[in-house]
Structures are given as structure tokens and as C-alpha cells.
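Note sheet for the following structure.
What follows draws every value from the coordinates through simple rules; no lab data is involved. Since the structure is predicted, the reported quantities are computational estimates derived from the model, not experimental observations. Neighbour counts are summed over all protein chains in view; Cβ atoms, including those assigned to glycine, are modelled from backbone coordinates with ideal geometry.
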Amino acid sequence: MGVQAMQFRLLALCVWFLSAAVAQGPSAPVVKVNRDSGVQATTLQTENGTLTVNTPLLMEAGDRISGTVVAEPKGASAAEREKNLDVLNGIVIDVMGTSTSAKAKRFTAVVPAAAAVALRRAGGEMLGSAKVAQLPKGAFSGMEAAAPGEEHFVPAVATAGRPISVSGRFDGLMENTSAKMDGQPVQIVAESPHELVLDAPPDAAGPKKLEIQEHGGPAISQTVQLAKVSLQAQKLSLRRGEATTISATVAGLRGLPKQLHPIPLTVVNESPGTVSLQGGNQQTLKIEPGALNAAGAFVWKSRVTATQAGSFSVSARLGVAGAFYSFPGGWSSGMWGDDRDRPVDMDGVDRVGQLDNYSVRRLMDTLRDLRMRKRWDYVRGKEHQAWLAEKIRLVKGALRGNGVDVPDLPIDAADF
């Protein structure tokens, strides 16, 4: 039997963190929010198709932000899709007090104290709403002190076809910003004063030159390694007791600097009630340079066995948010060229004295990295705030021991 493309999601970018049915019935609209990438995607699923409202993840009250609305109509024919698109375009979208629609495609808003997205029909019928995550006021205090050329975090590795989050200083207006990858325009998805979110090309893989230019601001230019993740299965629907082979392929990793390895790839069985995955329903693989084949790709194979008849879904995750924010250890960004510059891996560091042999430059990079990771962790559920706060305390202690006056920022606190 021929190999078919399997339904899959890149969990680093497509985990549903919030799911709320807004009405009862088989065709009731459903609102879901994905906050696991740099963009917050609030999606309304209806019988006519889906509407997705993209807002930044790194923002606080008072920020001027901009975002996009994407309509994906259902339909077996062009005429049916056009009819459903008209329905989707008629839905009124309230983004933090600003009214917009899918037809407008873009919007600008000012973040209130409690941000939300609400979707209504033109007649006023509420279809659904969702809270929009934001950081408390003061979360970005101290970022203005970054030295020229160090204002931005650009991920070393991103996933093809998924958002790329570049954190740093922006004006919040997408229309003032342009981006290219290998000379080709890249779509901007959302922007805040602290973050720019781009859509990585879906079919690209390998090292790509990313160039960002904001009107009146410094140009950003850096190489980003695009990894293309794909999943395949021999069969997508099984009888009870039947088994099939699945495979995950990660292309585009050839030439990645050794300090970025191992790269985590997490495979999850999304249908545990229907099939079992050999080796466990959730597995994290570590991709080392020696694991790549002659084409520079990593290939993993396994078996799924049906515990009952039906279709199934498996997902794959490469890193987190296009970079490597791993907890409680690991480090995040690709701005550092070699081991002398990159942040210290703080996993296992529990005393200031363990940092005595590191340069002030590397300790400063580590502090900046930890603070950025703490902001990301806050908007994703605050799971590692205490761990990160302790590591920040140790690094600040080491810097002060070197005579560096390091100010305490609000983000440094465990209970921020």
C-alpha cells in the first residue's frame, strides 16, 4: 500500500493550551488558543471554516501591537468556498477593544489591562471569546539597556512553515517593518514593541539569511537554520489489532554548529484511546550530528498498533518556539557564535562559586538569556519561574563578585 501523508502538528508551535466550546451541538463554534509559539493564535472553528486571529505573545498593558486575521473557508468546490468565505468575512472580531474582520486582514490595537479576543456575527450573536496572555507591567524593564547590536534575540533554528519569533525592540506596527529570507519577502504575522513574529517558508530547509528592517531602526541580519519536519504512515486507519509503520523526518540540519546539538524531537501519540505507540505514547529523541543520514536528515521509525478500530494522529515537536528553551536546563538562542560567547548551561549550577571561571561577557549573556526565558515561561504557564529566578540570582552574584553593578529587575523575582 502506498505511503500517505499523516495528519500532524508541530507541538512546539501548535499545542492547544486552551479549549472552550462556546455552545452545544454538533456544529457549535469552538474557540481554541495556541500560545506555544511566539504568536498567540485564537482560532474560531465553525461549519463554514476557521478564523485565526494572530496577536503577539510578548506584550504588556499599554503596548501598541499589530496582528493578522486569516480566514480558511471549507468547501469541496470553489463556489462553496467562496460562499463560506463571505460568511467568515462577515464575522466581527473584537481584538482588545479594536473592531476588525477577516476581510481587513490586519489590525492595530493597544493592549488593555485584561486583553481578550471576542467573535460575533454581524447581528450581535456571540460566537466565542478567549483571554489573551500578556506579561505584567514592568516585565520588559531593563531591555532598553542592551548594547547596540544586542537588542534582538533571533533563534538559531526554526521550523519551516511555522512562526519565527524575534524578540527585541520594535515599534509594534507591522506596516513599518519588512523581512526577507534569502532575498525573498517573508510574511509578518504579528508585532509588539518587544517581539516580531514571521512566517517561515513552508518548503525551505537548511541555513537561510534572515534580514529584518524597521523604518528608522537598525537592520537585523542573521543566519537561521530552517528544519523541515514531516511525518508519514503506511496506513491512517486501522482495524483492531492491526499495526503499521510510522516515520518522522527532520531535514535541513546539515552544518548546524555543534553547540546547538542535541536537538530535541518529541513524538506524541495524539490518539492513545485508539492506538499504542511502540516505545511509549510520548518520546523525546535527541538528534546528534552523527545521527544524520547522507542527505543531512534525521529519520526515526516506529510502529503503532490499534487497540480499537479507527483513525489516529501522531504529532512531532522540534524544540520550543523555534529555539531551544529547555527546562530546567539548556540554553536558548542562536546569537552566540561559539562556546566562548554562548550562555552558560545552568543545569546543575547551584553555587555562585561554580561560575568563577566564566568571563563577564559570558555571564552577561547568560543573565540576558535567563531573563528572556523567564518572560517566555511566564506567558506559557509559569512552570519554571522559581528555577529561573534562582539561576538569575546566582549569575548576578557572580557578576557582582567581578565588580559589575547589576540592577535588580522585576522579572528576576520568583513570584513575578
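Details
- Distance between segment 277-316 and segment 110-130 - C-alpha centres, whole angstrom: 39
- Legend: translational diffusion of segment 154-248 by Stokes-Einstein, Rh = Kirkwood radius over C-alpha pairs, 4 °C, 1.567 mPa s; D = 87 µm²/s.
- The modelled label-to-label distance for the pair residue 106/residue 347, using points 7 Å beyond Cα in the direction of Cβ, is 4.1 nm.
- The chain, helix-only ellipticity at 222 nm - DSSP H runs n ≥ 4, -39,500 (n - 2.57), divided by all residues, nearest 500: -4000 deg cm²/dmol
- Its Cα gyration tensor gives segment 228-318 an equivalent ellipsoid, and the semi-axes of that ellipsoid, as √(5λ) in whole Å with the largest first, are 28, 12, 9.
- Relative contact order %, the chain, counting alpha carbon pairs below 8 Å whose residues are six or more apart: 14
- Using equal-weight Cα scatterers in the Debye expression, the normalised intensity of the chain in log10 at q = 0.06, 0.13, 0.15 Å⁻¹ is -0.26, -1.23, -1.51.
- Interchain or long-range residues, amide H under 5 Å from residue 57's placed H: 40
- As a size descriptor, the averaged projected area of the C-alpha convex hull of segment 197-279 was calculated at 8.4 nm².
- For a straight C-alpha distance cut-off of 16 angstrom, the lysines reachable from residue 374 (same-chain residues fewer than eight places away being disregarded) are 137, 382, 391, 396.
- Segment residue 359..residue 98, full-extension length gain: 89.2 nm, with 0.36 nm per residue of separation and the alpha-carbon distance subtracted.
- Lysines whose Cα lies under 19 Å from that of residue 301, excluding same-chain neighbours fewer than 8 positions away: 228, 235, 286
- Overall form of segment 223-265 per C-alpha gyration tensor (a/c, 1.5; a/b vs b/c): prolate
- Put simply, the amide H of residue 106, placed in the peptide plane, has neighbours under 5 Å in 69, leaving out anything fewer than 5 places away on its chain.
- Remark: segment 397-406, residue by residue, has Karplus-estimated 3J(HN,Hα) of x, 5, 5, 5, x, 9, x, 8, 7, 9 Hz, where x stands for each Gly or Pro and the curve is 6.51 cos²θ - 1.76 cosθ + 1.60 at θ = phi - 60°.
- Ignoring aspartates and glutamates fewer than eight residues from residue 180 along the same chain, the ones with Cα atoms less than 18 angstrom from its Cα are 191, 195, 199, 203, 211, 214.
- Burial ordering of 215, 261, fewest other beta-carbon atoms within 10 Å first: 215, 261
- For the peptides 308-314, 374-380, residues were scored by their other Cβ atoms within 10 Å and the scores averaged per peptide; the highest-first order is 374-380, 308-314.
- In plain terms, the chain from residue 187 to residue 219 could stretch by 9.8 nm, reckoned as 0.36 nm per residue minus the Cα-Cα distance.
- Karplus 3J(HN,Hα) series, Hz, for segment 195-200 with 6.51 cos²θ - 1.76 cosθ + 1.60 (x for Gly, Pro): 7, 10, 10, 10, 9, 6
- Label-to-label distance, residue 72 versus residue 230, with points set 7 angstrom from Cα along the beta-carbon direction: 1.9 nm.
- Think of the chain as a dipole: +1 on every Lys or Arg Cβ, -1 on every Asp or Glu Cβ, centred on the Cα centre; then among 170, 261, 355, 261 lies furthest on the positive end.
- Protection proxy ranking, highest mean first, for peptides 386-394, 50-58: 50-58, 386-394, where packing is the per-residue count of other beta-carbon atoms within 10 Å, averaged.
- Taking 395, 69 and counting other C-beta atoms within 10 Å, the order from fewest to most: 69, 395
- Length released on extending from residue 390 to residue 261, taking residue separation times 0.36 nm less the Cα-Cα span: 43.9 nm
- Overall, the chain carries a charge dipole of about 960 debye about its Cα centre when +1 sits on the Cβ of Lys and Arg and -1 on the Cβ of Asp and Glu, all other atoms neutral.
- 5 angstrom amide H check on residue 246, placed H, neighbours 5+ away: 302, 303, 304
- The 3J(HN,Hα) values that the Karplus relation (6.51, -1.76, 1.60; θ = phi - 60°) gives for segment 218-228 are, in residue order, x, 6, 10, 9, 7, 7, 10, 8, 8, 9, 9 Hz. Gly and Pro appear as x.
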